[in-house]
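The structure appears below as structure tokens.
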Amino acid sequence: MNNLSLVMIVKDAAFWLPGFISAHEGLAADWVAVDTGSTDATPALLARAGARILHVPWRDDFAEARNHGLAAARKPWVLLLDADEIIAPADRPRLEAALRQEPRLGYLMEARNYCRRGSHREWQPLRADTPDLPLEADGFFVSRRIGLFPNHPGIRFTGRIHETVLPALQRLAMPVIPLDVPVHHLGYAGPEQVNRDRRDRYRTLVERKLEEDPGDWQAMIEMAGIDLEDGRLPQAQALLERLAQGPRGLRPVVRGTALLAEIREGQGDLGQARELLRDVVRQDPGFLFGWIRLIRHEADGGRWAAAIELLELADGMFPGGEPLILREALRCRAHVGDLAGALAAADALLEICPGWSEIRSVRDRLAKASGHGSRNDEGTGSPAEPGGDRQEPGL
């Protein structure tokens with residue numbers, strides 16, 4: 001793509017670079033890689049692939065490192081990728097269409113961060129449209145970033161960690177619109193030691209970020225998540241209680257309130273947990289996991305009619321079928337004896353996520369119990385509810 005600069009930062013990325021280079025051949029006419037101190041074959045691999053390499057000392061600041069790359073970019077558009085990320089070939093036409101626009105706006109891109117179930121509170125199952133990737137994962141969690149934007153001297157990253165160009169685009173009055181080109185992030189499904197090292201680095205950087213701006217709501221939710229992962233419940237709870245008093249509707253505040261509800265539930269304060277979850281849904285009806293947690297809370301409390309009513313509301317909020325909502329529908333319908341409704345939910349879910357073996361097994365037991373037959377010979381016995389994810393660690 002003749003008008004595109006690919007900009008990345010790297011350090012000791014030799015494990016990921018062969019796959020990255022193979023996947024993105026011909027993607028960009030200009031490729032800038034900021035190396036912050038590699039000791040492996042990273043520079044040699046990049047040089048052979050045609051990247052321009054900038055050697056920049058690491059100063060505990062992702063924005064600073066990325067901005068060196070932006071300053072060196074030569075084409076009208078900039079695409080942000082890391083070495084453990086891939087854009088699927090099937091999505092290139094949509095990327096090319098975006099690049100035909102005048103470079104006067106930013107594009108918000110969804111990153112699918114592949115991981116194992118149980119490793120993240122916002123885990124979702126793999127979809128039928130997941131490309132053929134070298135994955136040791138059964139799902140992903142979603143994050144979003146402005147990943148494609150104009151090459152403009154006024155557009156630079158801010159933020160020591162989880163850096164962004166959004167404030168710069170806002171200052172320039174440039175709109176930000178969604179781009180249906182997912183970024184497939186493989187790093188969380190990589191070697192466990194790499195993930196442990198990443199978390200240790202993130203703790204240090206988020207601590208500094210919060211010290212520099214104690215009122216940064218995003219830094220608070222990041223720090224609370226790390227504290228929960230590390231078993232520092234009192235510290236996490238203090239941050240989450242502050243977040244719950246923050247600006248209503250702000251996504252870090254909403255997510256913090258949901259996490260506080262989880263803590264209250266674990267402490268046995270079920271009434272407070274329920275009120276917090278109801279408030280999460282009121283504040284941000286588009287937050288999928290607010291609905292999921294509230295529906296589960298009602299079902300776990302035996303309030304099946306209330307759970308089903310919430311499911312119907314959530315279904316209207318997320319048309320087209322959200323797998324996790326369908327899973328809760330399967331559970332609730334099966335529990336109240338609505339086998340036809342449960343079977344319909346299972347069938348819809350398997351259309352979206354055909355590889356979810358647990359759901360396929362439940363679906364077959366439901367089919368046998370209701371006399372509709374089985375798709376295969378898996379499973380025997382009475383219908384069963386799919387398992388929940390109530391103890392998933394991490395953010």
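Determine, from the Cβ-Cβ distance of LYS368 and LEU133 and an R0 of 25 Å, the FRET efficiency 1/(1 + (r/R0)^6), rounded to the nearest 0.05. Approximately 0.15, to the nearest 0.05.
Each peptide in 279-289, 323-333, 128-138 receives the mean, over its residues, of other Cβ atoms within 10 Å, and ordering these scores from highest gives 323-333, 279-289, 128-138. Taking 0.36 nm per residue of separation and subtracting the current Cα-Cα distance, fully stretching the chain between ASN3 and ARG74 would add 24.7 nm.
Using a simple spin-label model with pseudo-atoms 7 Å out from Cα toward Cβ, ALA41 and GLU211 lie 3.9 nm apart. Got a sec? Which residues in the stretch 95-111 would a label at ILE177 touch, if it sits 7 Å along Cα→Cβ and we count backbone N under 15 Å? In the stretch 95-111, the label zone of ILE177 (backbone N under 15 Å from the point 7 Å along Cα→Cβ) covers 95-109. Ordering 161-167, 257-263, 209-215 by mean Cβ neighbour count within 10 Å, with the highest value first, yields 257-263, 161-167, 209-215. Computed 3J(HN,Hα) for the stretch 35-44, one whole-Hz value per residue from the Karplus formula 6.51 cos²θ - 1.76 cosθ + 1.60 where θ = phi - 60°, is 9, 9, x, 5, 10, 9, 7, 3, x, 5, glycine and proline marked x. Solvent-free Debye calculation, one equal scatterer per alpha-carbon of the chain: log10 I(q)/I(0) at 0.07, 0.14 Å⁻¹ equals -0.37, -1.32. 3J(HN,Hα) along the stretch 10-16: 9, 7, 6, 9, 4, 4, 9 Hz, from the Karplus curve 6.51 cos²θ - 1.76 cosθ + 1.60 with θ = phi - 60°, whole Hz, x for Gly and Pro. Centre-to-centre, using Cα atoms only, the stretch 10-69 and the stretch 263-336 are separated by 43 Å. Gain on full extension, evaluated as 0.36 nm per residue between PHE15 and GLN235 minus their Cα-Cα distance, stands at 75.7 nm.
DSSP assigns beta bridges within the chain; of those with both partners inside it, close to 45 percent run antiparallel.
Under a 5 Å amide H cut-off, with hydrogens placed 1.01 Å from N, CYS115 pairs with ASP138, GLY139, PHE140, PHE141 among residues at least 5 apart or on other chains.
Within the stretch 146-179, report the trypsin sites (Lys or Arg not before Pro) that DSSP leaves as loop and that have at most 16 other Cβ atoms within 10 Å. Those satisfying the criteria are ARG156. Backbone phi angles across the stretch 210-224, fed through the Karplus curve with coefficients 6.51, -1.76 and 1.60 (θ = phi - 60°), yield HN-Hα couplings of 6, 5, 6, 9, x, x, 7, 4, 5, 5, 5, 5, 5, 5, 4 Hz in residue order; Gly and Pro are listed as x. For the peptides 244-253, 109-118, the ranking by mean Cβ contacts within 10 Å, running from highest to lowest, is 109-118, 244-253. Each of SER357, SER143, SER38 was scored by other Cβ atoms within 10 Å of its Cβ. Listed from fewest to most, they are SER357, SER143, SER38.
Readers should treat all values here as calculations from the given coordinates under stated rules, not as data from a laboratory. Note that the structure is a prediction, hence the values are computed from the model and not measured. Cβ sites come from the backbone with ideal geometry, for glycine too, and all protein chains shown count toward neighbours.
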